[in-house]
Amino acid sequence: MPIDFPSRPRFSVPILCYHALHASGPDYCDNDHVALIEDLQVIRRAGYRILALSDLVDALRHQDDGKGLRQGRFVCLTFDDGPNVDYFDYADPVVGLAKSFHRILVEFRVAHPEAIVDPDKALAVSFLIASEEARTTLDRSCIAGRGDWSSCWWRACAAGGVIALGNHSWDHLHVSLPVVAQRTQRKGSFHAIDNDEDACVQVAQAREYIESVLGMPCTRYFAYPYGHASKYLVNIYFPDRQAEHLHLAAFGTGGRPATAESNVWNIPRFVCGEHWQSSRELEELLQRLAQRSDS
């Protein structure tokens, strides 16, 4: 039963972000699959447990206490862009076998069930680019052009319950696209989404398309492309047009933990390769955050 808090609970939860497309070599620094495998062990050794992102969002939205966020160390996991290798293993002649994020999480859950807060909830959220046309173009321009950025895995992933699915915009405003859903064709910066018309496409239309493929609601969480939390989206569109877009939370980057004071429309995350570059750096980061929370 939801707990009614008289004021926001005090907690600090790091949300970690990985990119499956970052896999240009076999080592931690150039392969987020290798990084995720090592980091899960770091998380466990540091005394953290994996919390469903939905529990954290519920806490921020005052629905419940997020499984006791004030009495433990927790971390949430997110994946951006949604290529096929989020769900399928990938064999590369240079890198070798890249285990999918999905397989990595399944193996970790089996080996270390004590490190999972709620095994019946998704261990991570993958944020998807909605437009099939955009993904097809990005598949050709950013990876090998073999159809490895499709929606063929979305339904199976959502039904499996290990990775939940969220919204990463209609087309990411990616610089590789000939045309984007932005009125002046400003690419490479999601800060350019500063009006209702563009926001409706990038947010509401994207969610509708993702859910049409899934045949069910997605998480209704949004991750800003490039981590660019547009002031218009954070301060106007998301809070004022919720009946239209139906989202419950939005995630930026920023390199800070989510706390009781976080804006639900711009929840911060740490990005692998940007805010830490090795398992040792992640371990130090988690220890610093734990010491700050304990003090």
*From (1) in a loop (DSSP other than H, G, I, E, B); (2) within 23 Å of Asp39 (Cβ to Cβ), pick out the condition that doesn't hold for Val85.*
(1)
_Return the residues of the range 208-241 that are of a type in the set (Phe, Trp, Tyr), within 26 Å of Gly273 (Cα to Cα) and part of a helix (DSSP H, G or I); say none if nothing qualifies._
Tyr226
*How many residues are in a helix (DSSP H, G or I), crowded, with 17+ Cβ neighbours inside 10 Å and of a type outside the set (S, T, N, Q) when one looks only at the range 192-207?*
9
*Could you list all residues from the range 167-181 that are in a loop (DSSP other than H, G, I, E, B) and within 13 Å of Ala206 (Cβ to Cβ)?*
His168, Ser169, Trp170, Asp171, His172, Leu173, Val180, Ala181
*asked:* For the range 257-268, give me each residue that is under 18 Å from Ser230 (Cα atoms) and either in contact with a Cys (Cβ under 8 Å, 6 or more places away or on another chain) or open to solvent by 10 Å² or more (accessible area, probe 1.4 Å) (or both).
replied: Ser262, Asn263, Val264, Trp265, Asn266
*How about the range 272-288: which of its residues are under 23 Å from Ala229 (Cβ atoms) and open to solvent by 10 Å² or more (accessible area, probe 1.4 Å)?*
Cys272, Gly273, Glu274, His275, Leu285
_For the range 184-217: of the residues being of a type in the set (A, V, I, L, M, F, W, C) and out of contact with any helix residue (DSSP H, G or I) (no Cβ under 7 Å at 6 or more places or on another chain), which is farthest from Gly166 (Cα to Cα)?_
Ala192
_Condition (residue is in a strand (DSSP E or B) and touching a residue at least 24 places away in the same chain (Cβ under 8 Å)) applied to the range 133-148: is it met by at least one residue?_
no
*Sort out which residues of the range 259-284 are hydrophobic (A, V, I, L, M, F, W, C), modelled with pLDDT of 95 or more and under 24 Å from Ser54 (Cβ atoms), and write them in order of number.*
Val264, Trp265, Ile267, Phe270, Val271, Cys272, Leu282
_Within the range 17-54, tally of residues that are modelled with pLDDT of 95 or more and touching an Asp or Glu at 6+ places or on another chain (Cβ under 7 Å)_ = 9
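The values are calculated or read from the model by the stated rules, or taken from the named source; none is laboratory data. Predicted model only: the values in this text are computed from it and were never measured. Cβ: placed from backbone, ideal geometry, glycine included. Neighbour counts: every protein chain shown. Keep in mind that these areas ignore ligands, DNA and RNA; they rest on the heavy atoms of the full protein, side chains included. Shrake-Rupley method; radii C 1.70, N 1.55, O 1.52, S 1.80 Å.
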